[in-house]
Amino acid sequence: MRNRYVCSIAAATAVAMLIAWQGNSVAGDLSGQQDFVTNCAPCHGTNGKGHGKSLYLVPNGKPPDLTMLSKDNGGKFPTKMVYKSIDGRNGIPPHQRFDMPFWGTEFQPQGQEFTTAGNAQVKTRIMRIVNYIETIQQK
């Protein structure tokens, strides 16, 4: 009886871990925090304050302090603006965006570029980064 109980707990744990993993994965993509550290932190810094190690790559000055976005927007996190800024393909005036990659293009999955499925994966990946940035807002 005890062995069946232990096996049931192990099976339930394995299923819960699989569901959590699938919820945090889009075709093997990293979580929002990991994606931020890999792709954004070189310029914005791991804490999001704009003190990354690759500042020399930013021709137009220092990247913005991402921890102040809510404060600078009347206490409300500007989800849509942050999404558009990360994506880079819509709503950004030309010739003002060459210091930050167009992640909406860079994140396209190989072999599915600009397809419905590919764009859905990009949207999910960018939203995870947006959601992570919302968690680092100063109160």
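General observations
- Test: Glu113 is of a type outside the set (S, T, N, Q) and part of a loop (DSSP other than H, G, I, E, B): yes
- If you go through the stretch 69-92 and keep only what is of a type in the set (A, V, I, L, M) and under 17 Å from the mean Cα position of the chain (by Cα), you end up with Leu69, Met81, Val82, Ile86.
- Criterion (over 22 Å from Gln34 (Cβ atoms), out of contact with any Pro (no Cβ under 8 Å at 6 or more places or on another chain) and at pLDDT 95 or above) met by exactly one of Thr79, Thr67, Thr115: Thr115
- So Asp99, is it surrounded by fewer than 16 Cβ atoms within 10 Å (Cβ to Cβ), at pLDDT 90 or above and not aromatic (Phe, Trp, Tyr): no
The values are calculated or read from the model by the stated rules, or taken from the named source; none is laboratory data. Values in this document were obtained by computation on a predicted structure and should not be read as measured data. All Cβ positions, even for glycine, are placed from backbone atoms using ideal geometry, and neighbour counts span all protein chains on display.
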